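Data block below; observations after.
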Amino acid sequence: MQQALLGGGCFWCVEAVFLQLRGVTKVVSGYAGGHTTNPVYEEICQGNTQHAEVILIDFDEQQISYPQLLDVFFATHDPTTLNRQGNDVGTQYRSVIFWLDDKQKQQAEFYIEDLKAEGLDIVTELAAAPVFYPAEAYHQNFYARNPAQGYCNFSIPPKLLKLRTKFQDLLKAQ
């Protein structure tokens, strides 16, 4: 098993996408990249901790590769707008890849350079993985438990549609 640590806006949205992928065995929403020890959601929302909302993904490399996770990551959020995803604004919503080893770092650097070569202005932060703090229990698997919640109902279905359209070969069997 391998792990990946990614932030692409609201963790409810990112988590909902990655839970659909074959080979992904676990996704934990949380916080990383800030200066506050053991942050809580209310602090994160104020934007004072510098933590990003992130997900920690456990995945089986025999079923899905790290570059494939990056394909999904870059296709299902906006990596060109600094500290913003849709209506969510603030450093906690930044696009970020926290690499866990040199191989992940190199793969992410290559991916970002490739996108830049295509003319995209990528603002995704790339940094060594800091301490990861799991979010409060009520944030875990939020969309699956709250599909009718207003924010979820507005923000997540378009991401899932894009995932199902573009990455059908990476989806778990239904």
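All of the numbers you see were taken from the coordinates with simple rules; none came from a lab. Note that the structure is a prediction, hence the values are computed from the model and not measured. Neighbour counts run over all protein chains shown; Cβ positions are idealised from the backbone, glycine included.
Once the chain from GLU113 to ALA128 is taken as fully extended at 0.36 nm per residue, the excess over their C-alpha distance is 3.6 nm. Ranking of VAL27, VAL131 by neighbouring Cβ atoms within 10 Å, starting from the fewest: VAL131, VAL27. Look at the alpha carbon pairs under 8 Å that are at least 6 residues apart: their mean separation over the length of the chain gives a relative contact order of 32 percent. Among the helices of the chain, those built from whole DSSP H runs whose Cα atoms reach 18 Å or more along their own axis and whose mean Kyte-Doolittle hydropathy is at least -1.0 are 150-166.
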